[in-house]
Structure formats: C-alpha cells, structure tokens
Amino acid sequence: MATVDSPVEVEGATAAAAATSTSSDGLTHSMRKNGRFVNPWPEWCFPSGTKGMKMMWKFATGSGDHSNIPSQDVLDTTLPVVTPDFSSPVPEDGMKVTWLGHASVLVQFENISVLTDPIFSQRAAPFQFMGPKRYRGPPCSVQDLPDVDVVVISHNHYDHLDYNTVKDLHKRFGERLRWHVPLGLSPWMKSIGCENVVEQDWWQEERVKDRDDIKVVLTPAAHWCKRGPTDDNLVLWGSWCVIGRRSRFFFGGDTGYCHGFKEIGKKYGPFNLAAIPIGAYEPRWFMKSQHVCPEEAVQIHMDVEARMSLGIHWGTFKLISTSFEGYLEPRSKVKEAMEAKGLKVEDFFTLDHGGSRVIPIPQADPSIEKETAT
C-alpha cells in the first residue's frame, strides 16, 4: 500500500481556502472540516437552499424539463436493452466492458472481473415503492452475472450504492467478493454482512487479494455524500483506478469537473479504458459543481489520458432534481465535443444497456506498463 496522508482536517476553514495548499507530493488529498469531508476544489460551490427549492419546484411542475422520455416501444428502438453476452471469452490481449445501466459497469481483464457502483433495483431510493424509477430496466440480474472479484463504490448516494443489490451480491458471492469503498463506508457495508471490505483514502493503493499484480486506487472527484437527514459528507467520495500488468481502467463515478483529473492522468495514465459520467447535468446553474456535462466529460477523457472512454451515468433513471437534458442528448453532445476538440469520435463511445465491447491492449506498450507492479 502506498504511503498517504490522513484526511486533512481544516477546522474553521472554508473548502476553497483549504484548496490553496497541496501536499508535498503535489497531489490534492481529501480534507475534513468539523469531522465532515469537504471538496478541496476552488471552483466547488454546492447549490444554495434557495436554488434547491427552485429546482424541486421545477421538477414537480415539469418546468424546464427537456428530457422528453418517450414510451417503452420507442425506447426499445432508441435506447434498447439487450441481454449481456457473458459467455464469450475475454481475449488475453484485451479488456471486455459491459454497460449494465447508469454507472454500473462490468470490466474484465487479466483474469479479473470488476463491477462498479452496481444497482439492479427498479428505484434509486431508500424504498422500492417510491422515489426515482428506472425507465430502462437492468439488462440482467445479479444471478446472471459471471464471477465477480472486486466491486468499487464511488459514493453512497442511492443511485450508486443500492441496499438490495449489495445484499444480493453478498448472498451470491459471500466473502469471495472484495468491496473497495471510500473512507467512512465500511460500517454500512458490514451492517449488511459484508466483511471483505477495504476502506481507502484518495491516492491509497491496495492490492487485490491473491493478485499482487492488480492494484486498486481511490482517486479524487468533486461530489458529496448523503443517505439520511444528518449524515452529510461523513463518508468520502471518489473515482477509481484498477491497474494490472498491461491494462489500466479508470472509473469516474459521479463528479463535477476539477483539476484532480489532471493529477490522476499524470500519476496513473494513460488508461486503456475510462468510464466517465456524461448525463444528469442540466440545468447547469444547479448541477455544474456536482455533475459534468459532455464537454467536461471529454476534458476528463483528455486529462486522465484515456485511450478509449465509455459514457455512463445516463439513459437509465429519471433522477429527482436532475436529468433535465434530453434523454438522448448526452450521447450526441459527447460526439460533438469530441469533434470540437479534434479527437476521434469513436474513442469516446456509448453502449446499449447490456451491450459489450472489447478494448484491444497492445502487447508491448511501455507507457501503459509504468508503475503496474511497483
């Protein structure tokens, strides 16, 4: 495990003021104020209560909502759900990625399977009788999954950490499945029965059990955490890097834009594959700090030095106070943003729900092999 600083306490300081100082290693580390994590990004600005009330009113009345989600028959054509093909082998010189909806991705490479922010429930909420509901169902069940070795959780919001899914995964895989979570989340995981849990701070590296050639790293993001009325930011949030001998995967989780992505690219890039959020970004006056727009997603693609990127966090849930953009807009806007940057459009792609793609890994690529086993 890499040597990292403890979360920096910035008692009595603002997050913006705290962000003026960085660690001696040149990296931005997690920070806490009065026992709660804060965003160390100068540009971070959580929406005011007034803006929150305005946003909830717009959601309730439909004012400014341009999502235009059509009937299921139309969705079956424009945003299909297909049955994942888990039977085809993963080539030795490639990574196989399957989009399971929202921020749930299964990535397989070097004889390891990694699952990100899994949610197979119909609603992203504390209860399944109310709350944000899927308009595109899960393409498979937990029982349909192949063997999974590692799950990474970006943060504790209900659309990224789902009680029923965690319980079902634990029931199926037990302690064979290793959970990598941000600081503060292991008590919740253990309350469900998951004991094979590793808590990590930003930049903390952990080896996969019985696989010394695979390391999992929690890296920065710009977001926040909350599941109950009084637990604001008691748990850290972040992005993840999973690094093998020749393969590097980056998972952006849920985030606004921040300079931390340049730090990630400099330290761990280039990545063969990145999964980057592209949806739930409108209106910008409310969402800018916490959800990237497609143009910012392309900037993250560039910052982390991704060879290929998959667009996630779109086309699945109609989230409360988010998803005001057209339901297919994230897909088209990413293409436009790639073209505007003079980049190959095919290098930042999307998949059908349940769809897969194999990402080739060069046999000899010194830039990818750096730091894999150090």
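The values are calculated or read from the model by the stated rules, or taken from the named source; none is laboratory data. Keep in mind the model is a prediction, meaning the values are calculated, not measured. Reconstructed Cβ throughout: ideal geometry from the backbone, glycine too, with neighbour counts over all protein chains shown. Heads up: the accessible areas ignore ligands, DNA and RNA and are worked out on the full protein's heavy atoms, side chains in. Shrake-Rupley method; radii C 1.70, N 1.55, O 1.52, S 1.80 Å.
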Taking first residues from the range 270-281 that are on the phi > 0 side of the Ramachandran plot and second residues anywhere that are surrounded by fewer than 24 Cβ atoms within 10 Å (Cβ to Cβ) and not acidic (Asp, Glu), the pairs with Cβ under 8 Å that are 6 or more apart or on different chains are ALA280/MET287; ALA280/LEU319; ALA280/THR322
When the range 333-357 is checked residue by residue, the ones that are in contact with a helix residue (DSSP H, G or I) (Cβ under 6 Å, 6 or more places away or on another chain), in a helix (DSSP H, G or I) and in contact (Cβ under 8 Å) with a residue 40 or more places away in the chain are LYS333, VAL334, ALA337, MET338
The residue from ASP149, ASP144, ASP162 that alone is touching a strand residue (DSSP E or B) at 6+ places or on another chain (Cβ under 7 Å) and either at pLDDT 95 or above or open to solvent by less than 20 Å² (accessible area, probe 1.4 Å) (or both) is ASP149
Per the filter on the range 295-334, residues of a type in the set (Lys, Arg) and modelled with pLDDT of 95 or more are ARG307, ARG331, LYS333
Those residues of the range 242-253 which are outside any loop (DSSP other than H, G, I, E, B) and touching a residue at least 60 places away in the same chain (Cβ under 8 Å) amount to VAL242, ILE243, ARG248, PHE249, PHE251
Flag for PRO126 being assigned to a loop (DSSP other than H, G, I, E, B) and either among the β-branched types (Val, Ile, Thr) or more than 27 Å from ALA221 (Cα to Cα) (or both):
no
Exactly one of MET302, MET308 is open to solvent by 10 Å² or more (accessible area, probe 1.4 Å), of a type in the set (A, V, I, L, M) and not in a strand (DSSP E or B), and that residue is MET302
Contact list, first residue from the range 216-235 and open to solvent by 10 Å² or more (accessible area, probe 1.4 Å), second anywhere and of a type in the set (Asp, Glu), beta-carbon distance below 6 Å, six or more apart or interchain, is LYS226/ASP232
Of (1) in contact (Cβ under 8 Å) with a residue 60 or more places away in the chain; (2) more than 16 Å from the chain's Cα centre (by Cα), VAL152 satisfies every one except (2)
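Just one of VAL242, VAL235 is touching a Leu at 6+ places or on another chain (Cβ under 6 Å), among the β-branched types (Val, Ile, Thr) and over 21 Å from TYR327 (Cβ atoms); which is it?
Details: VAL242 fails: touching a Leu at 6+ places or on another chain (Cβ under 6 Å).
The conditions single out VAL235.
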The correct count of residues that are in contact (Cβ under 8 Å) with a residue 24 or more places away in the chain and in contact with a strand residue (DSSP E or B) (Cβ under 7 Å, 6 or more places away or on another chain) in the range 170-192 is 8
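Scan the range 115-126 and tell me whether some residue there is out of contact with any strand residue (DSSP E or B) (no Cβ under 6 Å at 6 or more places or on another chain), among the β-branched types (Val, Ile, Thr) and modelled with pLDDT of 95 or more.
Yes, the conditions are met somewhere in the range 115-126.
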Hey, any hits in the range 68-81 for a residue that's in a loop (DSSP other than H, G, I, E, B), over 21 Å from ARG248 (Cα atoms), touching a strand residue (DSSP E or B) at 6+ places or on another chain (Cβ under 9 Å) and open to solvent by 10 Å² or more (accessible area, probe 1.4 Å)?
-> yes
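Which residue out of SER104, SER88, SER113 is of a type outside the set (Lys, Arg) and within 13 Å of the chain's Cα centre (by Cα)?
On the way: SER88 fails: within 13 Å of the chain's Cα centre (by Cα); SER113 fails: within 13 Å of the chain's Cα centre (by Cα).
The conditions single out SER104.
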